[in-house]
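*Asks:* This is the structure I want to talk about, given as structure tokens.
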Amino acid sequence: MSANPGERFLVTGALGCIGAWTVRELVREGVPVVAFDVGRDTRRLALIMTPEELAQVTFVVGDITDLDGLHRALEHDITNVVHLAALQVPFVREDPVAGANVNVTGTVNVLEAVRRRGDGMAPVVYASSIAALPTEAGAYPGTLYGVFKLANEGTAAGYYADFGVPSVGLRPHTIYGPGRDQGLTSAPTAAMVAAARGEAYEIPFGGSLQLQYVADAGEAFVRASEARVEGASVHNLDGPVVSVKEIVAAIEAAEPGARITYGEDPLPFPPEVDSSSFTDLIGGPTARPLEEGVAQSIERFREA
């Protein structure tokens, strides 16, 4: 159960990958949750939740760029907001204006809607990204998506400084597992799906990554919201740091005969970051070992 009785969560982007697992975590804790999303496709939720669990979720169709719509959604007696609605790297690259509207203006709208609702709200917990960090000191992030996420961290700091709206930004690195089917770093999960199907697949990059199993990421966002901290802090999610070669080895251990290859060039952001401030925030780590997460993912993909 929730550490704070009486909580009622709004999860934006609830039909996305981390959103679905965040909703699942809340339902299994017995916490009321409103799922806010512009879409209507509940396939990611159906992949990981029973029909009885889905029936406990209140669904609101809404656009994150619509401030009035967000404000109305908060009128469902919302106490906690987890903001996960965003466009991933490929979609931002394809349409930067839409990317800015959703990823930047959408985050401003969430913070503003919470400000207008007034006192008593928990800190806004929002998804930043490892892509917000530059690969070199003094440089900008390597993608527009990263630039937009960095802007959100500054906006959240400004909303606390100017209006007293507290927030917690969490930077996932490489999320993997059931439901991770979009974005630049979804390739390891696509490789797991291919292995479960007996198909060949090439992960298009190499180097090392800090991995978070998607169920652990969903738990992390809930724990951060329940912490009820002040200020406007940003934290890197914890997770094992492994090479792509090690990811392939874990896939082969879970699915002998898997035909997975990988590229050489690393991704345009740091391969490892310090997550100690996050574990201090929630009182311990959430991430499970790579081998366990990969095995669970492939087992679920076989069943699906």
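Laboratory data are not the source of any read-out in this text; all were calculated from the coordinates shown. From a predicted model like this one, the values you see are computed outputs, not experimental measurements. When we count neighbours, we look across all protein chains shown, and the Cβ atoms used for this are built from the backbone with ideal geometry, even at glycine.
*Asks:* I need the fraction of alpha carbon pairs in region 202-289 separated by more than 21 Å, rounded to a whole percent.
*Replies:* When every Cα pair of region 202-289 is considered, 41 percent fall beyond 21 Å.
*Asks:* I've got another one for you. Amide H of residue 232: which non-local residues (sequence gap of 5 or more, or other chain) have their own amide H closer than 5 Å, using H built in the peptide plane?
*Replies:* 167
*Asks:* Mind pulling the angle between the C-alpha long axis of helix 17-29 and the longest principal axis of the chain? Nearest 10 degrees, somewhere in 0 to 90.
*Replies:* 70 degrees
*Asks:* Taking the 0 to 90 degree range and rounding to the nearest ten, how far is the long axis of helix 106-117 tilted relative to the main principal axis of the chain, both from C-alpha atoms?
*Replies:* The angle comes out near 30 degrees.
*Asks:* Find out how many positive minus negative residues lie around residue 38, taking Lys and Arg as positive, Asp and Glu as negative, among other residues whose Cβ is under 12 Å from that of residue 38.
*Replies:* -3
*Asks:* I need to check one value: relative contact order of the chain, counting alpha carbon pairs closer than 8 Å and at least 6 residues apart, in percent.
*Replies:* Taking the mean separation of contacting Cα pairs over the length of the chain, I get 18 percent.
*Asks:* Right, here's the next one. With charges set only on the Cβ (+1 for Lys and Arg, -1 for Asp and Glu), what does the dipole of the chain come to about its Cα centre, in debye to the nearest 20?
*Replies:* So the dipole magnitude of the chain works out to roughly 340 debye.
*Asks:* Taking the alpha-carbon centroid of each part, what is the distance from region 153-218 to region 1-55 in angstrom?
*Replies:* 18 Å
*Asks:* Could you run the Karplus curve 6.51 cos²θ - 1.76 cosθ + 1.60 with θ = phi - 60° over region 204-219 and give me ³J(HN,Hα) per residue in whole Hz, x for Gly and Pro?
*Replies:* Here the 3J(HN,Hα) series is x, 9, x, x, 10, 9, 9, 9, 10, 5, 4, 5, 5, 5, x, 5 Hz.
*Asks:* Something else about it: Can you give the FRET efficiency for residue 182 and residue 280, using 1/(1 + (r/R0)^6), R0 = 35 Å, r = Cβ-Cβ distance, to the nearest 0.05?
*Replies:* 0.65
*Asks:* Mind checking the angle between helix 244-254 and the chain's longest principal axis? C-alpha axes, 0 to 90 degrees, to the nearest 10.
*Replies:* With rounding to tens, the tilt is 80 degrees.
*Asks:* Consider a paramagnetic label point 7 Å from the Cα of residue 228 along Cα→Cβ; state which residues of region 110-147 have an amide N under 13 Å from it.
*Replies:* Inside the label zone: 120-123.
*Asks:* Using 7 Å Cα-to-Cβ label points, what is the residue 93/residue 61 separation (nm, one decimal)?
*Replies:* The answer from the label model is 3.2 nm.
*Asks:* For 125, 11, what ranking results if the residue with the fewest other Cβ atoms within 10 Å of its Cβ goes first?
*Replies:* Arranged by neighbour count, lowest to highest, 125, 11 become 125, 11.
*Asks:* Where does each of 121, 49 land when they are ranked from fewest to most other beta-carbon atoms within 10 angstrom?
*Replies:* Listing 121, 49 from fewest to most nearby Cβ atoms yields 121, 49.
*Asks:* Now for a separate question. Label points 7 Å out from Cα along the Cβ direction at residue 202 and residue 28: separation in nm?
*Replies:* Output for this residue pair reads 3.7 nm.
*Asks:* While we're looking at this one, here's another question. Could you give each residue of region 39-47 its phi-based ³J(HN,Hα) in whole Hz, using Karplus coefficients 6.51, -1.76, 1.60 with θ = phi - 60°, and x for Gly or Pro?
*Replies:* x, 10, 7, 9, 4, 5, 5, 5, 5
*Asks:* Sticking with this one: Compute the distribution of all C-alpha to C-alpha distances in the chain, in bins of 10 Å from 0, and list the percent of pairs in each, rounded to whole numbers.
*Replies:* 6, 29, 37, 22, 6, 0
*Asks:* Shifting gears a bit: Normalise the Cα radius of gyration of region 58-190 by 2.2 N^0.38 Å (N = residues in it) and let me know the number.
*Replies:* In units of the 2.2 N^0.38 Å rule of thumb, it is 1.08.
*Asks:* For region 88-131, what does the alpha-carbon gyration tensor say about shape, rounded, prolate or oblate, given a ≥ b ≥ c as the root eigenvalues, a/c under 1.5 as rounded, and a/b over b/c as prolate?
*Replies:* oblate
*Asks:* Right, another one. Let me check I've understood the local charge: for residue 282, count other residues with C-beta under 11 angstrom from its C-beta, Lys and Arg +1, Asp and Glu -1. What total comes out?
*Replies:* -3
*Asks:* Another one. Quick one: order 135, 12 by neighbouring beta-carbon count within 10 Å, fewest to most.
*Replies:* 135, 12
*Asks:* What fraction of the DSSP beta bridges in the chain is antiparallel, stated in percent and rounded to the nearest 5?
*Replies:* Beta bridges within the chain, antiparallel portion: roughly 10 percent.
*Asks:* Quick one: Karplus J couplings for region 131-139, per residue in order, coefficients 6.51, -1.76, 1.60, θ = phi - 60°, nearest Hz, x for Gly and Pro?
*Replies:* 5, 6, 8, x, 7, 10, 4, x, 9
*Asks:* Next up: What distance in nm lies between label points placed 7 Å from Cα along the C-beta direction at residue 71 and residue 265?
*Replies:* For residue 71 paired with residue 265, the spin-label model returns 4.6 nm.
*Asks:* Which of rounded, prolate, oblate describes region 129-260, given a ≥ b ≥ c as roots of the alpha-carbon gyration tensor eigenvalues and a/c under 1.5 marking rounded, otherwise prolate only if a/b is larger than b/c?
*Replies:* Here region 129-260 falls in the prolate category.
*Asks:* Sticking with this one: Starting from 0.36 nm per residue, how many nanometres of slack lie between residue 243 and residue 140 once their C-alpha separation is accounted for?
*Replies:* Full extension from residue 243 to residue 140 adds 34.6 nm.
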